[in-house]
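The values are calculated or read from the model by the stated rules, or taken from the named source; none is laboratory data. Note that the coordinates shown come from a computational prediction; the quantities given were computed from them, not determined experimentally. Here the Cβ positions follow ideal geometry from the backbone for every residue, glycine too, while neighbour counts run over all protein chains shown. Note: areas computed on protein heavy atoms with side chains; ligands, DNA, RNA excluded. Shrake-Rupley method; radii C 1.70, N 1.55, O 1.52, S 1.80 Å.
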Amino acid sequence: MKPRNPWPAMQARAILSLVVLGLLAWLTGQWLLVFLLAAVAVVVWDLVNLRRLERWLRLTRKLDPPRSTGLWGEIFDGLYLMRQRSRLRDKQRRSLVRNYRDSIKAMPDATVVLTGDYRIDWFNEAARNLLGLHWVRDEGQRITNIVRHPDFVGFLSVTTRESRTLSLPAPEDPQKWLEIRLIPYAKKRFLLLARDTTALKRLETMRSDFVANVSHELRTPLTVIYGVSESLSDEVADDPDLARSVHLLREQAERMKHLVDDLLLLARLESGTEAGNGHWLDVPALLATLIEEGRVLSGERAHEFELDAKQGLFLYGNETELRSAFANLLFNAIHYTPDGGHIRVHWGSDMRGGVLEVEDTGIGIEPEHIERLTERFYRVDTGRSKSRGGTGLGLAIVKHVLMRHDAQLRIHSEPGKGSRFTCLFPARILRSSANGHVETSRI
Ligand code: ADP
């Protein structure tokens, strides 16, 4: 309701008062006294009302203001309306916040509100069960004092404003697995969400155990078939038809052996969370050996190889895994580059950390495939991949090896021009010998 305008009534009342006062002064002949007394009466009236207003605002939470008449009555009514509206708004706001908090409280996922330095501001019931937080005791504590898993501490130590996820055993019950999500919001606030992914993890473990077991069981019969086919090929040399069949048998057995080996390697990479058996690797030496092997593989296809490696720049990691990843990148470059093409391998460091690049002048990859290349069995051209003995698992292996070394894979490619596969390693697993300088060699 809009308050009415009090001024017309006020003006009428003021004119009436002046007329009455004038009449009184004229009748008594005391003009000065009459108007002086009237002015004093107005001041006293205002002071009384001001005092009542001040006491009402300062001392009472009551909604009803003091009663008065005239302009003061209008002011009190206006203030009453304002206070009423503001209380209604407060109530609505409180109920909105309560409803919002109740809905977050009821969520099965843990929700924790963190300050900029990861201190706990608020959390819901699920956070108590999943993360082991206790209300009051843990309020204002750093979350890393309660969830102390090294992966979690490392996860929070990365300063970025992008939302990230991490998989972790639950602090209260290591049988349970959690997926933790950290979402920055407002200026310096974080929302930490955790959900129970035990069932999903169990399914994932079952799947990879199954693949690993089947691959393991297939290995022995395959080795036997391969061995027998090798001995047979000498025996049937003078029968061309039989020799062709035995050759086919050996070729397919070898393909399956590669597939099984790759599947087993992938299963092993997936089962551990970090790269074991690490040591400081002389990457330039490793790359030189791989290029020698590449040259043999290239054979008559006569690719030109270039190694540009920063001597003395060591990388900490698992040699077998990294060798396998680098070999996959290099051998892919050979397979997918036409005869006589150029293949460049670069190892060095820049602001991003350690950089390993394998660049070729090959057939390239259409942009729509790049995103999916590291998926198992994903091939751009299945026929071409199979004909050269590819398993479709090479880049999946590369991705897993890099993940276990906290590294990233970037793929840049232009169809018909060539591809560049870049591995970015964190600076903390790099070591440079005192006089490391860039040495470029052409092999
Ligand atoms: P594959 O055993 O089929 O090579 P990978 O996982 O190693 O499996 O590679 C997946 C697919 O990515 C390949 O089938 C191929 O189409 C494409 N690819 C990989 N490396 C290159 C490259 N250097 N140039 C062009 N295409 C490539």
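Entry for the stretch 7-102 at q = 0.12, 0.17 Å⁻¹: log10 I(q)/I(0) = -0.59, -0.88, Debye formula applied to identical alpha-carbon scatterers, no solvent contribution. Between ASP406 and any residue 5 or more places off or on another chain, the built amide H atoms are never under 5 Å apart.
Applied to the stretch 81-95, the Karplus parametrisation 6.51 cos²θ - 1.76 cosθ + 1.60 on θ = phi - 60° returns per-residue 3J(HN,Hα) values of 4, 4, 5, 4, 5, 5, 5, 5, 5, 4, 5, 5, 5, 4, 5 Hz, with x for Gly and Pro.
Using just the C-alpha positions of the stretch 303-387 as equal point scatterers, what log10 of I(q)/I(0) does the Debye formula give at each q in 0.13, 0.19, 0.23, 0.26 1/Å? Debye output, listed in q order: -0.52, -1.04, -1.29, -1.37.
Which GluC sites (Glu not before Pro) in the stretch 262-369 sit in a loop by DSSP (not H, G, I, E or B) and have at most 16 other Cβ atoms within 10 Å of their own Cβ?
Working: sites: GLU270, GLU274, GLU292, GLU293, GLU300, GLU304, GLU306, GLU319, GLU321, GLU357, GLU359, GLU368; in loops: GLU274.
Qualifying residues, ordered by number: GLU274.
Residues within the reach of a label modelled at ALA302 (point 7 angstrom out along Cα to beta-carbon, backbone nitrogen below 17 Å), restricted to the stretch 336-380, are 337-343. For the stretch 354-362, 3J(HN,Hα) computed residue by residue from phi via the Karplus equation (6.51, -1.76, 1.60; θ = phi - 60°) reads x, 10, 10, 10, 10, 10, 9, 10, x Hz, glycine and proline entered as x.
Calculate log10 I(q)/I(0) of the stretch 200-271 for q = 0.12, 0.13, 0.18 Å⁻¹, where I(q) comes from the Debye formula with a single equal point scatterer on each Cα and nothing for solvent. Normalising to I(0) and taking log10 leaves -0.43, -0.48, -0.70.
Semi-axis lengths, largest first, of the ellipsoid equivalent to the stretch 107-196 are 18, 15, 12 Å, with √(5λ) applied to each eigenvalue of the Cα gyration tensor. For the stretch 324-336, backbone phi angles converted through the Karplus equation (6.51, -1.76, 1.60; θ = phi - 60°) give residue-by-residue couplings of 4, 5, 5, 5, 4, 5, 5, 5, 4, 4, 5, 5, 9 Hz, Gly and Pro being listed as x.
Per-residue ellipticity at 222 nm computed for the chain from its helices equals -17500 deg cm²/dmol, with DSSP H segments shorter than 4 residues left out and the rest contributing -39,500 (n - 2.57). Under a 5 Å amide H cut-off, with hydrogens placed 1.01 Å from N, THR197 pairs with TRP177, LEU178, GLU179 among residues at least 5 apart or on other chains. Roughly to the nearest percent, how much of the accessible area of the chain is carbon and sulfur, given a 1.4 Å probe? Ligands and nucleic acids excluded, carbon and sulfur reach 57 percent. Average accessible surface for the stretch 335-443: 53 Å² per residue, computed with a 1.4 Å probe over protein heavy atoms with every protein chain in place. Relative to one another, the C-alpha centroids of the stretch 19-33 and the stretch 332-377 are positioned 107 Å apart. Using every pair of separate Cα atoms, the Kirkwood estimate puts the hydrodynamic radius of the chain at 29.7 angstrom.
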